Each structure stands twice: as C-alpha cells, then as structure tokens.
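The values are calculated or read from the model by the stated rules, or taken from the named source; none is laboratory data. Owing to the predicted nature of the structure, the values given are computational and were not obtained by experimental measurement. Cβ placement follows ideal geometry from the backbone for every residue including glycine, while neighbour counts extend to all protein chains displayed.
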Amino acid sequence: MRKAFFILMVFSVALGPKAKAQDPHFSQFFASPLTLNPALTGRFDGEIRVAGNYRNQWPSINRAFTTTTVGLDMAVAQSLLPEEDRLALGILAFTDQQADGALKNTYYALSAAYHKGLDEDGFHSITIGFQGTYAQKRLNTEKLTFEDQLRGDGFTGITNEVFDARQINVNYIDLNAGLLFSGVTASDISYYLGASVYHINRPYESFRGGKYQLAQRYSIHAGGYYQVGQTTILHASALYQTQAGARETILGAAIGFNLNDDWDYSPTNFYAGTWYRIGDALIPYIGLEYGTMRFGASYDVTTSQLSSVNSARGGFELSLLYIFRRDDRPKLNCPKF
C-alpha cells in the first residue's frame, strides 16, 4: 500500500498541469563537473578526464530516485592556441529513474569551453562554456497505479486509463551555459568561482500535450584547495542553486592526508569531511586520491522533518574520476575541484 501511494504521489506531481519538476542533483557536486557547470569542461591538469557518479536517494522508499552519470572531457587543438589558453570538448550521458523505474529520464550532452589565461603563466583564467542536451523522458505505464484500481483489498483492479505514444514519451533539446574564474597562487592555494544557468530555452515537458515549460536552474559554486602543512590538505566548497522556487545551499570541507610525500604527479591522499545541505541533510564524506584517480563516497543523513518518513536515510552516493596525463608534459596550473 505504501508503494502504491508513493507512486501515485510522484506521478500526480509529474503529470499535473501545475507541476514544478526539478533537476537531478548530487551531494558530491564537486565530483560531477559536467552536470554542475559547462565552463568546467576541460578545467583539469591533464589531457583526458573521465568522471562517473551514482546516487540512490531515499533508498528506504523502494528506489525512489536513482541517478547515474558518465562523462568524458578533453583539450583539443592545443597547438593552435596560446600556451596559457585552452579549448575543451566534453560528452556526458546520464539517466535518472524515479519510483522504481516508472519514470526514466535519459540525457545526452555535448559541451565546449574556452579557458582564457589572464597572465603569461596561466595562474589565473576566465572560462565560458556551453552545453547542448538531447533529453528523452519515458513513462513505464506497467508500474503506474491509478485510483480506479483501488479495491477493498488494495490496488488490485484493472485500470481504464489508456495511453498513446505521445503520452509516454517526451523528447526535447536543452541549452545550458556557464562562467568560471579560477586561480592558483604560489603558496599552494587554488580557488574557483563559477555560475551556470540550465534550460536557457525552457523546453516544453509534458506527457499530456500541455504547455508546461521546464524551469531554469541557476547555480553559483565556489571552492578552494589549500596545502595546510607537510602532509595535510584542506578542500572546501559550496553550492547555491535555485529552480522553480526551490532553493538548495550546500557547504562543507574535507581534510586530506598525504600518504606518500608526493603532491604533484602521483599523490596518495585520503580525505575525510562533511558537507551540509542547509535545512535538509548532513553529508559525511570519505575519499581516496591515488595518482590520477579519485574515489569518493558520501551518505545523506536527513535532518529535516522528512527523517520521520525515510528513517533519516537521505541518499547514498559514489563518485569516480580518472585523469589521463602524459609523464613528459608540464604541469598545468589548474585548481582541484
């Protein structure tokens, strides 16, 4: 009965004419660059970056929301550009399933960014990035429960609802853009400040042919990376974003411990810290950086009134990032995110 009620609740929102949908999001926003800001495309020390993320939100409510991403970005045409500039391209694919797969969203995105160096050493740069996305949304009507199925022993009847292809499939093109300022100082401090807007063209998103347009998402994010001592690193970051009247603010930090006395090309760092989504959840985090690979795991511990429904289990999240970097190339002055 609980599952049936939950599915009804989700889809009354998803199909309703006044519904306000929100984008999938990650607590480890700093480990999902291409879903946070198109201007982060190619902003890393290396030739190729591969990033993957997995999130299972509200696991106590039977796979309420599960999100998976994989992305790749790289520098291109470097020989044609000034040494302190960089042009980068990226591709991204991600899926978001709701209510145990009753609603499945699939997105394929292409992004491009130009990083303009502001000094001859490339210590500071400003970036503009753009992203185009092809979106597919599909309803699995076999997993829907309707009011006319309610009987004395539960939702056991046969529904009279009939769907055609236009009512279970929605496809559209989406446009996003972002700006980024980043810098590295001689005292081992790196920092960044970025802003992005998603759904610039506000595509129509309705299974019943209505005029509902996807609300724009505005984000501001910032962070820094500081070598505190001989073996200690501080990584702090924050995110504020708003969409369709909903607001989210996340801030926190992690302390990293260098385990092999190598800071530049093949570090082994262990991270432990906490982020906090204001008014919603505490997010403990652990991470391991091994050479050019970084792994992160976090868990949302719900602190809001919703904890009485989901038993304080807000969401489990994993991130994996790998950077390919040639041994014979000079180190780029890029901040870590």
- Query: Any residue in the range 68-84 that is over 18 Å from the mean Cα position of the chain (by Cα), part of a strand (DSSP E or B) and in contact (Cβ under 8 Å) with a residue 60 or more places away in the chain?
  - Reply: no
- Note on the structure: Residues of the range 110-122 being in contact with a Ser or Thr (Cβ under 7 Å, 6 or more places away or on another chain) and farther than 30 Å from Asp174 by Cα, in sequence order, are Leu118
- Message: Just to verify a result, which residue in the range 252-269, among those that are touching a residue at least 24 places away in the same chain (Cβ under 8 Å) and surrounded by 16 or more Cβ atoms within 10 Å (Cβ to Cβ), is farthest from the chain's Cα centre (by Cα)?
- Response: Asn258
- Mind checking which residues of the range 101-120 are touching a strand residue (DSSP E or B) at 6+ places or on another chain (Cβ under 9 Å) and outside any strand (DSSP E or B)? Gly101, Ala102, Leu118, Asp119
- So, of the residues in the range 270-316 that are outside any strand (DSSP E or B), modelled with pLDDT of 85 or more and not aliphatic (A, V, I, L, M), which turns out to be surrounded by the fewest Cβ atoms within 10 Å (Cβ to Cβ)? Gly279
- Inspect all residues belonging to the range 24-39 and state whether any of them is outside any helix (DSSP H, G or I), among the small types (Gly, Ala, Ser), out of contact with any Pro (no Cβ under 8 Å at 6 or more places or on another chain) and at pLDDT below 95. yes
- Can you name the condition, by its number, that Gly245 falls short on among (1) surrounded by 14 or more Cβ atoms within 10 Å (Cβ to Cβ); (2) touching a residue at least 24 places away in the same chain (Cβ under 8 Å); (3) within 22 Å of Asn37 (Cα to Cα)? (1)
